[in-house]
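Everything on this sheet refers to the single structure shown next.
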Amino acid sequence: MTKKSEIYKCEICGNIVEVLHVGDGTLVCCGQDMTNMEEKTTDESQEKHTPVIEKTDSKVLVKIGEIPHPMEEAHYIEWIELETKTTTQKIFLNPNDEPKAEFNLKEDIISARTYCNIHGLWKKDMC
C-alpha cells in the first residue's frame, strides 16, 4: 500500500513518481516494482544532504547542507520541496545551479525535502 507523498524510483530507467493519492496497488515500471525512496534525516557522508531551513517574516530559504552540496552534471540536487499545512512547493534545480531555493511563504513550515540524483531523498522536519 502506498502513502501520500512517498517517492518511488524505477531502478531500470530512472523514472521517479510521487504518490498523490493512497492506493492498495504497487507501482510498477519497466516490468518490476519501483523502489520506495526512504527519507533520510541524518548525513554521515562528506557531502551534506540534509536541508537547512532559514525563515524570515516573508520568505524561507532552504540550503542543502551546512557545506554546499556539489552541483555537477554527474552529482547534483534535482529538487527542493517545502511543505506547510496548506501547500507543498517544489523547485527544480539543474547542474551548476546553487544548491538552494527561496520560497515566499508566511505559513508555519512542516518540513523540507530534497532529492540528490545519487544519494536519494532527504528530509528535515520542523519542530
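Computed about the Cα centre, the dipole magnitude for the chain is approximately 340 debye when only Lys and Arg (+1) and Asp and Glu (-1) carry charge, each at its Cβ. A cut-off of 5 Å between modelled amide H atoms, ignoring neighbours fewer than 5 places along the same chain, links residue 76 with 117, 118. In the chain, a dipole from Cβ-located charges (positive for Lys and Arg, negative for Asp and Glu) runs towards its positive end, and of 88, 101, 26 it is 88 whose Cα lies farthest in that direction. Projected label points at residue 119 and residue 11, each 7 Å from Cα along the beta carbon direction, are separated by 2.1 nanometres. Taking trypsin sites (Lys or Arg not before Pro) in DSSP loop conformation with at most 12 other Cβ atoms inside 10 Å as exposed sites, the chain has its longest uninterrupted site-free stretch at 5-58. The phi-based Karplus calculation (6.51 cos²θ - 1.76 cosθ + 1.60; θ = phi - 60°) puts the 3J(HN,Hα) values of the range 82-97 at 10, 10, 10, 5, 10, 8, 10, 10, 10, 10, 8, 10, 10, x, 6, 6 Hz, whole numbers, x for Gly and Pro. Modelled spin labels at residue 33 and residue 72, positioned 7 Å past Cα toward Cβ, are 3.5 nm from each other. For the range 1-42, a crude dipole built from +1 on the beta carbon of Lys and Arg and -1 on the beta carbon of Asp and Glu, taken about the Cα centre, is about 80 debye to the nearest 20. Phi angles of the range 29-39 translate, via the Karplus equation with coefficients 6.51, -1.76, 1.60 and θ = phi - 60°, into HN-Hα couplings of 9, 6, x, 9, 4, 7, 8, 6, 7, 5, 6 Hz per residue; Gly and Pro are given as x. One decimal place: the segment residue 20-residue 58 gains 10.9 nm when fully extended, by the rule 0.36 nm per residue minus the C-alpha distance. Past 18 Å, Cα to Cα: identify those pairs from 3/59; 40/124; 55/124; 40/63; 48/124, in the order given. Violating the 18 Å limit, Cα to Cα: 3/59.
A short reminder: the numbers here are calculations on the coordinates, not readings from a lab. This one's a predicted model, so the numbers in the text were calculated from it and none came from an experiment. Virtual Cβ from ideal backbone geometry, glycine too; neighbours counted across all protein chains shown.
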